[in-house]
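J.: Next up is a structure, given as structure tokens.
Please treat every number below as a calculation from the coordinates, not as lab data. Just so we're clear, the structure is a prediction, and the values are computed from it rather than from any experiment. When we count neighbours, we look across all protein chains shown, and the Cβ atoms used for this are built from the backbone with ideal geometry, even at glycine.
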Amino acid sequence: MNASVMTDTTQYLTCKLGEESFAIDISKVREVLDFTTVTHVPRMPEFMSGVINLRGAVVPVVDLRLKLGMPKTALTVNTCVIITEVTVDHETTVLGAITDSVQEVIELDGEQVEAAPRIGTRLKADFIAGMGKHNNGFVIVLDLDKVFSADELAQVCNENSSFGKSVCGNN
């Protein structure tokens, strides 16, 4: 998604990570769950919290704060798991993303979303689809497909054989 070519209104689910508000395209969101017990899996990347049982399916869960270089999520009554679909290299993977809280569904049109700021060549910020103007502030619009690399998703799916094709492959 390129913010400069966004012309239609798009709905986003907003969530908090620390003091910052983030937005995820609603088309990438399957559902939102209250935080539940996560089974830790050995040899996973630090951002990988483990797996949950979602109606009989094994779903990998990541701490979105860790993935974005923030401190680990402190669990509270507001902590949620956003079940998302991430597509990298034509492979769709169902992932749970732990967030501090989920706020609301908002609509942003193309004029309300500016291109991601250029932070220089040393910092990689291509996972930011844009900066949405909302309630006299900004919400960081994430491109979930760019938050994870193909190698990271392959590691999450391949390190543990319990991840089936229905979770870590084409659905």
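J.: Can you sort 148, 127 so the residue with the fewest Cβ neighbours within 10 Å comes first? Show your work: numbers first, answer last.
T.: Values: 148 21, 127 16.
If I rank by nearby Cβ atoms, fewest first, I get 127, 148.
J.: Using alpha-carbon pairs under 8 Å, 6+ residues apart, how would you state the relative contact order of region 3-158 in percent?
T.: Details: 321 pairs, mean separation 44.9, N = 156.
Result for region 3-158 is 29 percent.
J.: Assuming R0 = 25 Å, what is the FRET efficiency of residue 90 and residue 111, from their Cβ-Cβ distance, to the nearest 0.05?
T.: It comes to 0.20.
J.: How do 90, 134, 40 rank when sorted from fewest to most other Cβ atoms within 10 Å of their own Cβ? Show your work: numbers first, answer last.
T.: On the way: 90 7, 134 19, 40 10.
By the 10 Å Cβ count, ascending, the order reads 90, 40, 134.
J.: Report, please, the projected area of region 1-148 averaged over directions, based on the convex hull of its C-alpha atoms, in nm². It would help to have the intermediate numbers written out before the result.
T.: Numbers: hull surface 38.6 nm².
Average projection, Cα convex hull of region 1-148: 9.7 nm².
J.: DSSP loop (so not H, G, I, E, B), at most 11 other Cβ within 10 Å: list which trypsin sites (Lys or Arg not before Pro) in region 39-128 pass both filters.
T.: Hits after loop and neighbour filter: 43, 55, 118, 122, 124.
J.: Taking the Cα centre of region 12-107 as origin and charging only Cβ (+1 Lys, Arg; -1 Asp, Glu), how large is the dipole, in debye to the nearest 20? All intermediate terms of the calculation are to be shown ahead of the outcome.
T.: Numbers: 8 positive and 13 negative charges, 73 e Å.
In total the dipole reaches around 340 debye.
J.: Please report 101, 21, 49 as a ranked list, fewest other C-beta atoms within 10 angstrom at the top and most at the bottom. Write out the running numbers ahead of the final one.
T.: Details: 101 13, 21 19, 49 23.
Least crowded to most crowded, the residues run 101, 21, 49.
J.: Once a ≥ b ≥ c are taken as the square roots of the eigenvalues of the Cα gyration tensor of region 19-60, is the result rounded (a/c under 1.5), prolate (a/b larger than b/c) or oblate (a/b not larger than b/c)? Present the calculation step by step, with values, prior to reporting the outcome.
T.: On the way: a/c = 2.10, a/b = 1.35, b/c = 1.55.
Oblate.
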